[in-house]
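The values are calculated or read from the model by the stated rules, or taken from the named source; none is laboratory data. Note that the coordinates shown come from a computational prediction; the quantities given were computed from them, not determined experimentally. Note: ideal-geometry Cβ built from the backbone for every residue, glycine included; neighbour counts use all protein chains shown. Areas reflect the complete protein model, heavy atoms only, side chains present, ligands, DNA and RNA absent. Shrake-Rupley method; radii C 1.70, N 1.55, O 1.52, S 1.80 Å.
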Amino acid sequence: MENAIQEFIDYLHRSKQTSQNTEISYERDLKKLASYLETHGVGAFKDATRTNLDAYILYMEKKNFASSTISRSVASVRALYQYLFREHVIEDNPAERLKPPRVEKKTPEILSVEEVDMLLAQPDVETPKGIRDRAMLELLYATGMRVSELIHLQMDDVNLEMGYITCQENGKERIIPINKASRNALKRYLQEARNDLVRDSGSSNLFTNCSGSAMSRQGFWKMVKRYAREAGITRDIAPHTLRHSFAAHLLQNGADIKSVQEMLGHSDISTTQIYLNLGTSKIRDVYMKTHPRE
């Protein structure tokens, strides 16, 4: 089944131009399914029945997997079997009517302006690492980009003179303006810290880890969680927290939703509209300007 998974991932990459994160997610989900099927006497995906797949979903529910995790797994399984059916590996698709559990949509967790200020003040800007961390945090909050987009930025994606970042993912490109705070932090990083961190002088990566290699998503968020603890923020910071905060702070202070949608890179405006549904009583006391770090 490992070969079938790899062939499917190669197909996604080649034909669908999926991102690396998406491919990793599919591979992880399908390996879990393969392990389950093997322990229940099914040696190949083509031999699995609708009953086998339903039993796998039931197994995940009994193991108290989050509904969102099960839903993502169902999507991965259905995508795999659609591929196998299209390639004539199977004659009938056992995953065709596979249904995920109902996922309750949660209101995005957002930080207050004060919490963002405290978080961004934590890096020690007397060290190259602290200067880098401050620049990354400022840039993430200034643009609302995804963490995966942030860590894959290249030197050519930055235009400090004009004040914007070119964000590229999945073959799509969008231009995001950056404010004075992030601009200054990024300028200081490029002038004072990057050369101390990047070991390969020919590297085009904007940000690297302390070993000079490309920074991982997990490494970045470990850093963010540490700064959150040091700032006294007791809530659990998720990968999208600063992205959520960016969107909410702009919309609740008068930015038009279409502009925010474009900056976030949402293909469907309904995804952006969730930030409008945050209670105004909660927002009123903490959002002073469209963007407070201008």
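Ser71 exposes around 20 Å² of accessible area when a 1.4 Å probe is run over every protein chain in place.
When nucleic acids and ligands are ignored and a 1.4 Å probe is applied, Tyr164 ends up with an accessible area of around 70 Å². Gain on full extension, evaluated as 0.36 nm per residue between Thr69 and Arg97 minus their Cα-Cα distance, stands at 8.2 nm. Taking amide H atoms as placed 1.01 Å from N in the peptide plane, the amide H of Tyr164 lies under 5 Å from those of Asn159, Ile178, each 5 or more residues away in sequence or on another chain.
Comparing Leu251, Leu111, Leu58 in a Gaussian network model of the chain where C-alpha atoms under 10 Å apart are linked, the largest mean-square fluctuation is found at Leu58. You can think of it this way: the chain between Arg199 and Ile257 has 16.7 nm of extra reach, that is 0.36 nm per residue less the Cα-Cα gap. Classification of the range 202-255 by its C-alpha gyration tensor yields an oblate form. The axis ratio a/c (a ≥ b ≥ c) is 1.5 or more, and b/c is at least a/b.
How large is the charge dipole for the range 67-218, taken about the Cα centre, if only the Cβ atoms of Lys, Arg (+1) and Asp, Glu (-1) carry charge, to the nearest 20 debye? Computed charge dipole of the range 67-218: roughly 360 debye. Of the cross-linked pairs Lys63/Lys225; Lys16/Lys225; Lys63/Lys222; Lys16/Lys99, which ones have a Cα-Cα span greater than 29 Å in the structure shown? Where the Cα-Cα span goes over 29 Å, the pairs concerned are Lys16/Lys225.
GNM on the chain, alpha-carbon springs under 10 angstrom: the most fluctuating residue among Pro123, Pro108, Pro100 is Pro100. Taking all protein chains as shown and a probe of 1.4 angstrom, Met162 keeps an accessible surface of around 130 Å². Histogrammed with a bin width of 10 Å, the alpha carbon distances of the chain distribute as 6, 23, 28, 23, 15, 5, 0 percent, first bin at zero. Farthest toward the positive end of the dipole of the range 22-84, out of Ala55, Gln82, Thr22, is the Cα of Ala55, where the dipole comes from beta carbon charges about the Cα centre.
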